[in-house]
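*Asks:* Let me give you the structure first, and then I'll get to my questions.
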Amino acid sequence: GEVSGDVQVGVEAPGGSLRSREVRHFRVRLHSEGQWGGWSDPLIVEAGLLDAEDWVAQAITIPEDPGSESQAPSPLLRHEFTLAADVARARLHITSLGVHEASINGVRVTDELLAPGWTSYSTRLLAATHDVTALLRSGTNAISTTLGDGWYRGRLGWMPGEDRRRYGNQLGLIAQLEIDLVDGARVTVATDETWQASTGPIRSADLYDGASIDLRLEQEGWDQPGFEADGWTAATSVGFDPAAIQPRMTPPVRIFTSLAARAIEGSGNEAIFDGGQNISGFVRVTVQGAPGDRVTVRHSEVLEDDGSLHTKSLRSARATDSYVLADTGTTGLEPRFTFHGFRYSGLRTAASIQTVEHVAISSDLPRRSAFACSHPLLNRLHENVVWSQLDNFVSVPTDCPQRDERLGWTGDAQAFAATSCTLFDAEAFWTNWLKDLTADQDPALGVSTVVPDVVLDGEARYGRAGWADAATIVPWAVYESYGDPHVVQAQYQSMRSWVESLVGRRRPDGLLEPGFQFGDWLDPDAPPARPWEAKADSAFIANAFFAESARLTAAAGNVIGAPEDEVAGYRDLADEMARQTWSRWREHIFESQTGCAIGLRLGIVPLDQREAVVDALAEMVREADGRISTGFLGTPHVLHALAEGGRFDEAFAMLLRQAHPSWLYQVVNDATTVWERWDAIRADGSIHPGKMDPIDADGDEGHMLSFNHYAYGAVVDWMYRYLAGIAPDAERPGYRHVLLAPKPVAGVDWAEASIESPYGPIASRWVIEQNGDLVVDIELPSGATGTFVPPVTPSSHVTVDDQPADAAQVHLERGQHRVRVTRPQVSLSRRPETGEPSMEQTI
Ligand code: BGC
C-alpha cells in the first residue's frame, strides 16, 4: 500500500485489522525528493486471540480454596500431555483471575511479574501470548502454574478485614496452549477440570501484606513430567466472561535492576540494610541456616531516629515477607506475588545472612529522555522523579507504592502525565489505562476518582475536579508528546461524556453545584490534617478545570475531524465557563500562587488581564523568596505560568530554592524519590506525623505520609522545556515541531537534554563560555523542524552555524546546529544594562 502525505506518525498500515493468530510482516520505504529510499528492516506483528470464541480454555482453580475467605496458600495447577512429534510452533495464550506464573517442563515461560496486571477486570482482562516453541518436545510435557491473589482477590484499600475480594472470591487460571507439530497436526491444551491442583510453599501472598513461604512444603518435581501427583485433586472450574479478555497492549511488569544493599547499624534483633534508593520491589536474600529456621524481612522508606524501620506510614500494610528454611546450606529467598515500597530492609533470622539485594520492579517502559546540568541537586531531583515514576508505574499509575493504598488516583495521574511522557515511552501504558478510565466512567456521575474504580464510595467516588479531568488532560498530554492522534480518537467519546456530565451539574447561574472537592490537595499552608483546605477555593478550581476539559475536548474534536458545530459547541462552553469563572473569582485569583497559576494556564484570565495576574504571581513568589505554596493541582502549573509570562527570575527562584518548602528541600534532605508532603521530613529533621482528621466511622485517626508520590515531580517537565530548552508543540505534536528556548540561569553553567522523538533523537546542550557567550548545540532529526528562541539582551548578537541570525527567533531544519548568543539573558544574574537588582541574594 502507498500512503501519500507528509505524516510519519500514526499512519495506519494497509491491510485492515488483524485476525486472531494472524502474522504480518511489514516493511516501509519512503518516497521523497523524487526518489524511493531503501526498505526498512521487517517488523513482524502477530495477533493473539482477539475474539471471545477463540477461547476454549476454562478458568480453573483448586477446589474449596480457603483463600475465598481469608489469605491462604497459593494454588498450584499442573497438567501433563503427550506430543506425537516435534514442535514446529507453539503459543501459550494466558491470563487469570488473580496473578499467575507459568512454567513448561520446569522452565518459566516469561520473566513477567504480576501478570496479567491490573485492569478494570469486569470489562477488561488482559491476556498475553508467549512463544513457547522452544520449551516443548515430542513425548510427555508438563505445564504448571501458581496463582496469587494480586489485585483481583487481594487487599485493596485501607480497611483491613474488609478490603479483599474486590473483584471476586475465586482465582482462576485461563490458559490455552496451541501447538503446531512438524507433521502438520495441531494440538490444543487448555485449562479444564482434568488439570491437577494442590498447594505448595507459598502459604500466603498479598500485595500489601507480603508473602509467607515455607520451603519445607516444596513439592520436588511438580513442574516436570512424570511427577507422582499423590494427594493432588482435580481442578475445578470457575465462571468467567471470555468477552472481557483483550490482548495485552501495555508493557508487562519486570525486574529492571537490583541494588546491592549495605548493612547499616541494626536495631534490636533486626539487621538493617540500606539499598540507597527508594524502590518498588522486594528483597532477595541468601542465607545459610538449618531446616526450620525462620527469616523475616520488613521494609520501610525511612528510618526512625533510633535507627529502626519507620513503618507507621505503611498503615495496615504489613509489608513483611517471611520464610521457613528447608535445608542446611545456602538458600536464596525472594517473595512471590507481592511488592513493597522501600529503601531500607530489616532482617530477623537465626540463619547467617550472606547477601542482600533490593530488587526494583516496574512496568517495562523504555526510557525516552536524558537530562543533566552543572547543578548536582537539580540532577538528583531529576533522578528522584524518574524513580518515582518507575516505582509508581507498576501496571497502573499509582499514588504511592508502599502503604495500604497504591491506587490509580486520577488527580495524581493528570498532574504527572506530561512529565511521564517526557521521561519514558508511556504511550501504550496510558492508552491502556485510559481504556479502564472509560470502562469505569459513569455517564451521569463522571470519571471515577481512582482508576480502576475500587475502594471509594459516596461523593468522593466520581467526578471530582482536577481528578476526573484526567479524562481530557491525559489523552491530550499523550497526543502532544507522541503525536499519534489515535489516543484522542479512542478517548474522544469519554472526553465528551465527562464534559457532558459537568454540564448536567451546572446550576441555573451556569457555575457548577458546589460539593466535596479534593481541591489543591496538600497546599503547604493547609492544616496538615486537613489537606483539602487549600488557599485556593475549590469551587474556583472546579469551574476552571471544567473550562479546561471543555477546551481540550474541542481541541481533540478538531484533531480527529469531529463535526464543526460539535467542536464549536465545546469551544464556546470553554469560553463561557472561563468568563463566568473569571467574573466570579477574579479577586480570589490574585490571592494565591495556585489561583494565578490555574487562572493563567487554564485560560480563565482574559488576555488583557494576563499581565496583571502574571505580575501578581511574580510578586507573590518574590516576596516569599521563592517559597512554593501550591498543592497537587497548582504545582504542575506554577512554573509554566511564570515562564509563559516571561518571569524566569521568579520561576528559577522557586526551582533553585533549598529552604522548606521547595523541590530541592527534599533533595538536600536525602530524598531519593518525590515526597507526598512538602515537609515529609520536617525542618527539625523529624518525620512528619502524617495525622489526618478522623476519617472513619470509629473515629480512628488517619495517617497520610508517603515518600514516593510523583505529583510534585511534574516540575521536571519544566526543566526539559525551559532549562534545557526542548518542548513539544501541541500544534505540531510529537516533536514534529520543537520549541527550543533554553533559559540560562546564574548558578548553572551548562545544561543538556535529549528526547527520543518518533522522528529520531532531539538534543540540545548549552554552555556559558568563559567570555560569557552562550553556545547551544542542537540536533534535529529528519522530519522535525525547530524554532529556536535565543535568550537575548538588547546588546546580544546571534549567529546560527556562524551566520548572523534574527535575535527574535530562528527557524531550524534537521541536522546539527550551533547557535551563539553574545551577552545572553541569564536569569537571576545582575543586569549590567539596567542596574536592576537580582534575586540572587534572596535564594
Ligand atoms: C492519595 C493521593 C490522592 C489523594 C486524593 C491520597 O490518599 O495518596 O495521592 O490523590 O488521596 O485525596
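*Asks:* Averaged per residue, what accessible area in Å² does the chain show with a 1.4 Å probe, protein chains only? Please list the in-between numbers first.
*Replies:* Numbers: 32050 Å² over 843 residues.
Ligands and nucleic acids excluded, the result is 38 Å² per residue.
*Asks:* Given contacts defined as C-alpha pairs under 8 Å and at least six residues apart, what's the relative contact order of the stretch 1-153, whole-number percent?
*Replies:* About 23 percent, as a whole number.
*Asks:* May I ask you to derive the FRET efficiency for E619 and A568 from their Cβ-Cβ distance with R0 = 51 Å, giving the value to the nearest 0.05?
*Replies:* Numbers: r = 38 Å, r/R0 = 0.74.
Calculated transfer efficiency: 0.85.
*Asks:* Ignoring ligands, DNA and RNA, please state the percent of accessible area on the chain from carbon and sulfur, probe 1.4 Å.
*Replies:* Working: 15280 of 32050 Å².
Summing carbon and sulfur atoms, their accessible area is 48 percent of the total for the chain.
*Asks:* Another question, if that's okay. Local charge sum around A568 (other residues, Cβ-Cβ under 13 Å, Lys/Arg +1, Asp/Glu -1)?
*Replies:* Values: positive: R551, R571; negative: E564, D565, E566, D572, D575, E576.
Once positives and negatives cancel, what remains is -4.
*Asks:* A further question on this structure: With all protein chains present, calculate the accessible area of Y665 using a 1.4 Å probe and round the result to the nearest 10 Å².
*Replies:* Y665 exposes around 10 Å² with every protein chain in place.
*Asks:* Let me ask something else about it. Order the peptides 646-652, 323-329 from the highest to the lowest mean number of other Cβ atoms within 10 Å of their residues.
*Replies:* Averaged packing, sorted descending, gives the order 646-652, 323-329.
*Asks:* Using only alpha carbon pairs under 8 Å that are at least six residues apart, calculate the relative contact order of the stretch 561-625 and give it in whole percent. Please report the intermediate quantities before stating the final value.
*Replies:* Numbers: 33 pairs, mean separation 18.8, N = 65.
Computed over the stretch 561-625, the figure is 29 percent.
*Asks:* Spin-label point model (7 Å from Cα, Cβ direction): what's the A13 to N669 distance in nm?
*Replies:* Simple spin-label model gives 5.1 nm for this pair.
*Asks:* While we're here: Amide H neighbours of A85 under 5 Å, at least 5 residues apart or on other chains, H built in the peptide plane: list them.
*Replies:* Residues meeting the criterion, in which the H sits 1.01 Å from N, are G139.
*Asks:* Using helices alone, what [θ] at 222 nm do you get for the chain, with -39,500 (n - 2.57) per DSSP H run of 4 or more residues, divided over all residues and rounded to the nearest 500?
*Replies:* That comes out to -6500 deg cm²/dmol.
*Asks:* Of S362, S32, which has the most accessible area and how do the rest follow, probe 1.4 Å? Please report the intermediate quantities before stating the final value.
*Replies:* Details: S362 5, S32 70 Å².
From most accessible down to least: S32, S362.
*Asks:* When all protein chains stay in place, what accessible area (Å², nearest 10, 1.4 Å probe) is found for K691?
*Replies:* Estimated to the nearest 10 Å², K691 gives 100 Å².
*Asks:* Quick one: ranking Y710, Y152 by accessible area, 1.4 Å probe, largest first, what do you get?
*Replies:* Accessible-area ranking of Y710, Y152, largest first: Y152, Y710.
*Asks:* Please give the residues of the stretch 572-600, grouped as numeric ranges, whose backbone N is less than 20 Å from a label point set 7 Å along the Cα-to-Cβ vector of E533.
*Replies:* Residues 591-595 qualify, since their backbone N sits under 20 Å from the label point.
*Asks:* I need to check one value: relative contact order of the stretch 98-196, counting alpha carbon pairs closer than 8 Å and at least 6 residues apart, in percent. Intermediate results must be reported in sequence, preceding the final value.
*Replies:* Numbers: 131 pairs, mean separation 25.5, N = 99.
Contact order relative to length: 26 percent.
*Asks:* How would you order 293-302, 573-582, 49-58, 92-101 from highest to lowest mean count of nearby Cβ atoms within 10 Å? Mind showing how you got there, number by number?
*Replies:* On the way: 293-302: 22.5, 573-582: 20.8, 49-58: 17.1, 92-101: 25.9.
Put in order of decreasing packing, that is 92-101, 293-302, 573-582, 49-58.
*Asks:* Based on the Cβ-Cβ distance from N169 to R294, what FRET efficiency comes out when R0 is 25 Å, to the nearest 0.05? Display every interim value, and only then the final one.
*Replies:* Numbers: r = 31 Å, r/R0 = 1.23.
Given R0 = 25 Å and the Cβ-Cβ separation, E is 0.25.
*Asks:* How much of the DSSP bridge set in the chain is antiparallel, in percent, rounded to the nearest 5?
*Replies:* 95 percent
*Asks:* Note down the accessible area of C373, probe 1.4 Å, to the nearest 10 Å².
*Replies:* 0 Å²
*Asks:* Now for a separate question. Rank H25, H486 by accessible area, highest first, at a 1.4 Å probe radius?
*Replies:* My answer, sorted largest first, is H25, H486.
*Asks:* Mind listing the phi-derived Karplus ³J(HN,Hα) values for the stretch 240-250, rounded to whole Hz, using 6.51, -1.76 and 1.60 with θ = phi - 60°, and x for any glycine or proline?
*Replies:* The phi angles translate into 7, 9, x, 5, 7, 6, 10, x, 4, 10, 9 Hz.
*Asks:* Local charge sum around V187 (other residues, Cβ-Cβ under 15 Å, Lys/Arg +1, Asp/Glu -1)?
*Replies:* -1
*Asks:* I would also like to ask the following. From a point 7 Å beyond the Cα of T355 in the direction of its Cβ, which residues of the stretch 269-293 have a backbone N at a distance under 14 Å?
*Replies:* Counting only backbone N, you get 284-288.
*Asks:* I would also like to ask the following. Using per-residue counts of other Cβ atoms within 10 Å, averaged over each peptide, order 129-135, 411-417, 819-825 from highest down. Intermediate results must be reported in sequence, preceding the final value.
*Replies:* Details: 129-135: 16.9, 411-417: 27.3, 819-825: 20.1.
My ranking of the peptides, most packed first, is 411-417, 819-825, 129-135.
*Asks:* At 7 Å along Cα-to-Cβ for each site, give me the label-to-label distance between R610 and E513 in nm.
*Replies:* Going from the R610 label point to the E513 one covers 3.5 nm.
*Asks:* Reachable lysines from K535, Cα under 23 Å, same-chain residues fewer than 8 places away excluded?
*Replies:* K691
The values are calculated or read from the model by the stated rules, or taken from the named source; none is laboratory data. Fair warning: this is a prediction, and the values are worked out from it, not measured in the lab. Every residue, glycine as well, gets a Cβ built from its backbone with ideal geometry; the counts of neighbours run over all protein chains shown. The accessibility values were calculated without ligands, DNA or RNA, using every heavy atom of the protein model including side chains. Shrake-Rupley method; radii C 1.70, N 1.55, O 1.52, S 1.80 Å.
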